[in-house]
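> Dropping the structure in here first, questions after.
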Amino acid sequence: MTEPASVVLLIDALHYFPEAEQVQMLLECRRRLVGGGVLVLRDAVRIPGPRFWWNWLHERAMLGLSLTK
């Protein structure tokens, strides 16, 4: 991202990075947003429970089928 943006999407990405890098990514998104801009953020649940295990199983299946890297 090199230019100002009115919308930034971060979908299922943050959990792949260490916490310090996550913070830096979010700060960079904030810096790039124009006044009144919107950050849309979705990420995997990290608390063990049904949603966590469904996300974990889904990701393993997609990796195993080579549908994602």
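> Quick one: count up the residues across the range 24-42 that are in contact with a strand residue (DSSP E or B) (Cβ under 8 Å, 6 or more places away or on another chain), small (Gly, Ala, Ser) and either exposed (fewer than 12 other Cβ atoms within 10 Å of the Cβ) or on the phi > 0 side of the Ramachandran plot (or both).
Residues flagged as in contact with a strand residue (DSSP E or B) (Cβ under 8 Å, 6 or more places away or on another chain), small (Gly, Ala, Ser) and either exposed (fewer than 12 other Cβ atoms within 10 Å of the Cβ) or on the phi > 0 side of the Ramachandran plot (or both) within the range 24-42 amount to 1.
> If you take the residues of the range 46-69 that are among the aliphatic types (A, V, I, L, M) and open to solvent by 100 Å² or more (accessible area, probe 1.4 Å), which of them is farthest from the chain's Cα centre (by Cα)? Spell out how you get there, then give the answer.
Start the filter on the range 46-69 by keeping residues that are among the aliphatic types (A, V, I, L, M), which leaves 47, 57, 61-63, 65, 67.
Then drop every residue that is not open to solvent by 100 Å² or more (accessible area, probe 1.4 Å), which leaves 47, 65, 67.
On the way: Ile47: 16, Leu65: 22, Leu67: 18 Å.
Of everything passing the filter in the range 46-69, Leu65 is farthest from the chain's Cα centre (by Cα).
> Evaluate the following for Glu59: is it part of a helix (DSSP H, G or I), at pLDDT below 85 and of a type in the set (Asp, Glu)? Steps first, please.
Numbers: part of a helix (DSSP H, G or I): yes; at pLDDT below 85: yes; of a type in the set (Asp, Glu): yes.
When the stated conditions are applied, Glu59 passes them.
> Which of the numbered conditions does Val45 fail, given that it passes all the others? Conditions: (1) touching a Phe, Trp or Tyr at 6+ places or on another chain (Cβ under 6 Å); (2) in a helix (DSSP H, G or I).
With respect to (1) touching a Phe, Trp or Tyr at 6+ places or on another chain (Cβ under 6 Å); (2) in a helix (DSSP H, G or I), Val45 is out only on (2).
> Go through the range 1-23 and give me each residue that's modelled with pLDDT of 90 or more, open to solvent by 70 Å² or more (accessible area, probe 1.4 Å) and under 12 Å from Leu41 (Cα atoms).
Those that are modelled with pLDDT of 90 or more, open to solvent by 70 Å² or more (accessible area, probe 1.4 Å) and under 12 Å from Leu41 (Cα atoms): Val7, Leu9.
The values are calculated or read from the model by the stated rules, or taken from the named source; none is laboratory data. Source: prediction; values computed, not measured. Cβ sites come from the backbone with ideal geometry, for glycine too, and all protein chains shown count toward neighbours. All accessible areas refer to the heavy atoms of the entire protein, side chains included, with ligands and DNA or RNA removed. Shrake-Rupley method; radii C 1.70, N 1.55, O 1.52, S 1.80 Å.
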